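Here the structure is laid out as structure tokens; the discussion comes afterwards.
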Protein chains: 2
Amino acid sequence: VDSSPQVLIDGRPGQVVHWNDRGLQYGDGLFETVAVRCGQPLLWAAHLARLWQGCSRFGIPAPDAQLLADEARTISAEVRRGVLKLLLTRGSGGRGYRPPEDAHPTRILSIHSFPTYSDDFRKTGVSLYPCRTRLGLNPSLAGLKHLNRLEQVLGRREWNDPRIPEGLMRDIDGRVVEGTMTNLFIVRDGCLNTPDLSRCGVLGVMRGEVLRLARSAGVGATVTDLMPADLATADEVFVCNSLIGVWPVRKIGRHTYAPGLITNRLQSLVAGATVYGVT
Amino acid sequence: VDSSPQVLIDGRPGQVVHWNDRGLQYGDGLFETVAVRCGQPLLWAAHLARLWQGCSRFGIPAPDAQLLADEARTISAEVRRGVLKLLLTRGSGGRGYRPPEDAHPTRILSIHSFPTYSDDFRKTGVSLYPCRTRLGLNPSLAGLKHLNRLEQVLGRREWNDPRIPEGLMRDIDGRVVEGTMTNLFIVRDGCLNTPDLSRCGVLGVMRGEVLRLARSAGVGATVTDLMPADLATADEVFVCNSLIGVWPVRKIGRHTYAPGLITNRLQSLVAGATVYGVT
């Protein structure tokens, strides 16, 4: 991957968007962060499905699937290992919250270097920073990967220790929800539990993949509310996203976790299904 | 005002921002909507104070006050009656939520035509559309005029009747909070009540002005939680913002309100203090 990202804006190489794009004015849009391996965007269908769902909820005209796939393949063609970010806004639209009736969405595809995480994160696990910033409760936005991401920005700026790659976020009622950029799972009595994300949080593509792989491997998996006490008494904890696959969690604040069999198994299943973690 | 808005980006005439500006990527920024009258941005100090507060809460370096005032005056100089929108982002900053340590904020000042509202809205009042979209509870963002405005976009796209200029938004617990672009006051027993905005909502500059003017005129004013029942039993209701000043509310859903003396008085006080409503 070249150090300068390659960018396609509405299908053409470009660097700029109009100042009155509603993505900038209101965060009126959605995005996807897609792992690229040997020229292939991974889990593309799942990313597209979530983007489509967002378009439907927000009333943003969905771009043509074939066009988007073609652009994604074009921009990813020379990428051995990298990140494709796909950002879709409602396009330009004057002053005022009301969307234009004939919205012309802006789509931005950009290629980025793969983040340089220590191999230890994947092998021996990560420490999670306990964020003080709480996630608000916004059922009308929950689940989607939209462009209103100030809570994640505020959470992520709470610490600056490169040995700690992720922070744990709770909601304003105290529930444990997710990382700033990952979803969270705990293992208890051999079964997976992951937070219900109907009030806040992002329904991660890798979260869906982990749930699918666990169930087809006969590992029970439940979506439910989790409180800090559930985390404290968990046998194993892990986080996941489309770029990292699965990272075991070995520490949250002062609480430590031993390496876990179920986490390892899920890590292998994910790696086998999507070549995550194969370096 | 020219029909094409004039724009200053980082002090220079321009039309575009870099695609990786964090304002676009994450809604990582703030804005102000300022009325301009005879070349003067109105209530400038109050707008600046709110912007400063946002910069402080988000850790965005605040632009130089003198520079911003100079740019605002420059762009407003020829404007008899218009709108100055001031947008400040954290600037460009790579992929990932963590803000760069040496952020270089982007500032966009743009001039817009004054909205063409019917005089009746100010004189005989408006009807409010009861939005189904609920405001989430986000104490870490509440009060600020930040760029995460999807809830307002979703609320505003629920209706499309030009006779209805504003919608009423409740929070997920049912409290009445604000309009999509205005703050709300009710009058009961000769006193003002306006919603507490510590969990969600925008602390409008005109809301602050109304509270200040009411108190100095000897009208009691309380900031408190309001439920739909409080609205149903109110003697008067009005909405306000920096562009419209005060609009009496005559109808919400099926409930109607008679014209009110306190609302008229506040409307006059606001007009006298800031030349709002003088046409």
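Quick note: the coordinates plus some simple rules give every number you see, no bench work behind them. Remember, predicted model here, so these are calculated numbers, not experimental data. Neighbour counts are summed over all protein chains in view; Cβ atoms, including those assigned to glycine, are modelled from backbone coordinates with ideal geometry.
Quick notes on this structure:
- The count of lysine pairs in the protein assembly as shown that are at least 8 places apart or cross chains, and whose C-alpha atoms lie under 24 Å apart, stands at 5.
- Check: the stretch A:1-144 dipole with +1 on Lys, Arg Cβ and -1 on Asp, Glu Cβ, in debye: 500
- Computed from backbone phi, the HN-Hα couplings of the stretch A:110-126 come to 9, 9, 10, 4, 5, x, 8, 8, 4, 4, 4, 4, 7, 7, 10, x, 10 Hz, rounded to whole numbers (Karplus: 6.51 cos²θ - 1.76 cosθ + 1.60, θ = phi - 60°; Gly and Pro given as x).
- Peptide A:80-92, shielding by other chains (average Cβ, 10 Å cutoff): 1
- Gap separating the Cα centres of the stretch B:205-258 and the stretch A:187-213, nearest whole Å: 44
- Per-bin percent of Cα-Cα distances, the stretch A:129-169 [5 Å]: 5, 22, 28, 21, 14, 7, 2
- Near A:Leu168, the amide H atoms lying under 5 Å from its own belong to A:Tyr129, A:Cys131; only residues 5 or more places off or on other chains count, and H is placed 1.01 Å from N.
- Take each residue in B:140-152, count the other chain C-beta atoms within 10 Å of its C-beta, and the mean is 6.
- Evaluated at q = 0.18, 0.20 Å⁻¹: base-10 log I(q)/I(0), Debye formula over Cα of the stretch A:208-279: -0.75, -0.91
- In a DSSP loop and with at most 15 other Cβ atoms within 10 Å, the GluC sites (Glu not before Pro) in the stretch B:48-121 are B:Glu78, B:Glu101.
- Computed from Cα positions, the angle between helix B:205-216 and the longest principal axis of chain B comes to roughly 50 degrees.
- Taking other residues whose beta carbon is less than 10 angstrom from the beta carbon of B:Leu8, and scoring Lys, Arg as +1 and Asp, Glu as -1, yields 0.
- Which of B:Val79, B:Tyr117, B:Gly96, positive extreme of dipole for the stretch B:36-155 (C-beta unit charges): B:Tyr117
- Gyration tensor (Cα) of the stretch B:167-244, equivalent ellipsoid semi-axes in angstrom: 18, 15, 11
- Position A:Leu203: other-copy label points at 3.7 nm, ordered by increasing distance, label point 7 Å along Cα→C-beta.
- Charge dipole (chain B, unit charges on Cβ, about Cα centre) - positive-most of B:Ala229, B:Asn20, B:Gly39: B:Ala229
- Taking the Kirkwood radius as Rh and the Cα radius of gyration as Rg, chain A has a ratio of Rg/Rh equal to 0.96.
- Binned Cα-Cα distance frequencies in the stretch A:19-141 - 10 Å width, integer %: 12, 33, 32, 20, 4, 0
- Amide H within-cut-off set for B:Val249, under 5 Å, with H built and near neighbours excluded: B:Val126, B:Val237, B:Phe238, B:Val239
- Local net charge near A:Ile186, Cβ-Cβ under 9 Å (Lys/Arg +1, Asp/Glu -1): -2
- Sorted from nearest, the other copies put their A:Asp189 label points 5.5 nm away, the label point being 7 Å from Cα in the direction of Cβ.
- Angle between chain B longest axis and helix B:261-274 axis [Cα atoms, degrees, rounded to 10]: 30
- Sparsely packed loop sites in the stretch A:139-175 (the trypsin sites (Lys or Arg not before Pro) outside DSSP H, G, I, E and B with at most 11 other Cβ atoms within 10 Å) comprise A:Arg163.
- Within the stretch B:1-100, trypsin sites (Lys or Arg not before Pro) in DSSP loop having at most 13 other beta-carbon neighbours inside 10 Å: B:Arg80
- Magnitude of the charge dipole, the stretch B:113-246, Cβ model with Lys/Arg +1 and Asp/Glu -1, debye to 20: 340
- Using the Cβ of A:Leu213 as centre and a radius below 14 Å, the other residues enclosed give a net charge of +3, where K and R count +1 and D and E count -1.
- Helix axis angle, B:44-58 relative to chain B longest principal axis, alpha carbon, degrees: 70
- Helix-only mean residue ellipticity at 222 nm for chain B, each DSSP H run of n ≥ 4 adding -39500 (n - 2.57), per residue, nearest 500: -7500 deg cm²/dmol
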